[in-house]
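**Student:** Questions regarding the structure given below will be posed in turn.
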Amino acid sequence: MNAFPIDYIEPVFRPPSEARSLILQVTNGCSWNKCTFCEMYTAPQKKFRVKPIDEVDAELSRISKEMPGLTRIFLADGDAMSLSYRRMKEVLECINKHYPNIERVTAYCLPRNLKNKTVEQLAEFRELGLSMVYVGCESGDDVVLEKINKGETYETSKDALTKLKQAGIKSSVMILNGLGGRKYSEQHAVNTAKLMNETQPEFVSTLVVSFPMGEERFREGFGGEYEPLQQMELFQEIRTLIANFELENTVFRSDHASNYLVLKGDLGADKQKMLDKIDLAINKPGVIPLRQEWQRGL
């Protein structure tokens, strides 16, 4: 292949678990793009835009000639699920036209993306191959959500996750460790666990909130009361989160590069094992290997 058959508008992001998937850019940027913790789509070239379906079809036509055995596709950018029911159906039908044996289509999803989509419409997406979405809940605490300008609430996140489960689409929920700072740490953890317990997503992952381009915009929302959590406080917060989980069959991962302490397990089977590991990290520093700052890739 002389040149890759997609002309991306960079930067392009994907979840770690989509490393082997084709990234198909059906939108550019993020339709909300106001969260104060996120700078992924703030560059001028990342202004939100829906890619015309004829461009998507042309790209898939070129790709299918170069990569005929493709089985996994991730729909970029930040929230491809912001596409209307009609446009998303067209995208999925286009994928099936060029890849009739596609096994997995995934995308990022903001809870608001599903407000105007019915369970029946989502189930239709599932039949066309959309098997899982990555839902950026970040927190289940309404105070924290307001301060980070998420534009979501506990209830909007709950409604979206419930719709997905009813439609048979798996949810991989992203939570930010340390998002509320020292003052709101406890309620952030407890209410986030409550949201997960009510909705029982198939996957939950945590990332440590970080600001490679500076904290100023983020701090403004807290009115001077944001104090970042230190390493042991981050561990305590995630311990509170896991201790409050009442999950029946959820895969939990805290293995993103931002995390100092790597945790993996199935909830609830491995809940106590993970709590024991956190306790060791807190009470006996040095016993549990931690990521060093240079390893965190931020």
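The values are calculated or read from the model by the stated rules, or taken from the named source; none is laboratory data. Please read these numbers as outputs of a predicted model, since none were measured by experiment. Virtual Cβ from ideal backbone geometry, glycine too; neighbours counted across all protein chains shown. With ligands, DNA and RNA removed, areas are computed over all heavy atoms of the protein, side chains included. Shrake-Rupley method; radii C 1.70, N 1.55, O 1.52, S 1.80 Å.
**Student:** Is it the case that some residue within the range 116-127 is among the β-branched types (Val, Ile, Thr) and either over 21 Å from the mean Cα position of the chain (by Cα) or at pLDDT below 95 (or both)?
**Tutor:** Kept after step one, since they are among the β-branched types (Val, Ile, Thr), are these residues of the range 116-127: 118-119.
After this cut, where a residue has to be either over 21 Å from the mean Cα position of the chain (by Cα) or at pLDDT below 95 (or both) as well, the list is 118.
Within the range 116-127, one or more residues are among the β-branched types (Val, Ile, Thr) and either over 21 Å from the mean Cα position of the chain (by Cα) or at pLDDT below 95 (or both).
**Student:** Looking at GLU55, GLU39 in this structure, which one is open to solvent by 10 Å² or more (accessible area, probe 1.4 Å) and within 12 Å of GLN25 (Cβ to Cβ)?
**Tutor:** Numbers: GLU39 fails: within 12 Å of GLN25 (Cβ to Cβ).
None of the other options fit; the residue is GLU55.
Yes/no matrix, rows are residues, columns are (1) part of a loop (DSSP other than H, G, I, E, B); (2) in contact (Cβ under 8 Å) with a residue 12 or more places away in the chain; (3) out of contact with any strand residue (DSSP E or B) (no Cβ under 6 Å at 6 or more places or on another chain):
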| site | (1), (2), (3) |
| --- | --- |
| TYR41 | yes, yes, yes |
| GLY69 | yes, no, yes |
| ARG86 | no, no, yes |
| GLU90 | no, yes, yes |
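Results for (1) in contact with a strand residue (DSSP E or B) (Cβ under 9 Å, 6 or more places away or on another chain); (2) β-branched (Val, Ile, Thr); (3) assigned to a loop (DSSP other than H, G, I, E, B); (4) modelled with pLDDT under 95, shown as yes or no for each residue.
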site	(1), (2), (3), (4)
GLY224	no, no, yes, yes
ILE242	yes, yes, no, no
SER258	yes, no, yes, yes
ILE278	yes, yes, no, no
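**Student:** Got a number for residues in the range 92-117 being open to solvent by 60 Å² or more (accessible area, probe 1.4 Å) and free of Cβ contacts under 8 Å to residues at least 60 places away in the same chain? Spell out the reasoning first.
**Tutor:** Filtering the range 92-117 for residues open to solvent by 60 Å² or more (accessible area, probe 1.4 Å) gives 93, 97, 100-101, 103, 112, 115-116.
Among the residues that remain, those that are also free of Cβ contacts under 8 Å to residues at least 60 places away in the same chain are: 93, 97, 100-101, 103, 115-116.
Number satisfying all stated conditions: 7.
**Student:** Of the numbered conditions (1) touching a strand residue (DSSP E or B) at 6+ places or on another chain (Cβ under 6 Å); (2) farther than 16 Å from PHE245 by Cα, ASN177 fails exactly one; give the number of that condition.
**Tutor:** Among (1) touching a strand residue (DSSP E or B) at 6+ places or on another chain (Cβ under 6 Å); (2) farther than 16 Å from PHE245 by Cα, ASN177 violates only (2).
**Student:** Taking the options ARG217, ARG253, name whichever one is free of Cβ contacts under 8 Å to residues at least 60 places away in the same chain and either open to solvent by 50 Å² or more (accessible area, probe 1.4 Å) or polar (S, T, N, Q) (or both).
**Tutor:** Working: ARG217 fails: free of Cβ contacts under 8 Å to residues at least 60 places away in the same chain.
Step by step, each of ARG217, ARG253 is checked, and only ARG253 is free of Cβ contacts under 8 Å to residues at least 60 places away in the same chain and either open to solvent by 50 Å² or more (accessible area, probe 1.4 Å) or polar (S, T, N, Q) (or both).
**Student:** Among the residues of the range 190-199, is there at least one that is open to solvent by less than 40 Å² (accessible area, probe 1.4 Å) and not in a helix (DSSP H, G or I)? Write out each step before concluding.
**Tutor:** Our first condition is that a residue be open to solvent by less than 40 Å² (accessible area, probe 1.4 Å); within the range 190-199, this holds for 192-193, 195-197, 199.
Now narrow it down to the ones that are not in a helix (DSSP H, G or I): none.
So far as the range 190-199 goes, no, none of its residues is open to solvent by less than 40 Å² (accessible area, probe 1.4 Å) and not in a helix (DSSP H, G or I).
**Student:** Condition test on ILE148, is it closer than 17 Å to LEU83 by Cβ and open to solvent by less than 50 Å² (accessible area, probe 1.4 Å)? Steps first, answer last, please.
**Tutor:** Details: closer than 17 Å to LEU83 by Cβ: no; open to solvent by less than 50 Å² (accessible area, probe 1.4 Å): yes.
Criteria not met by ILE148.
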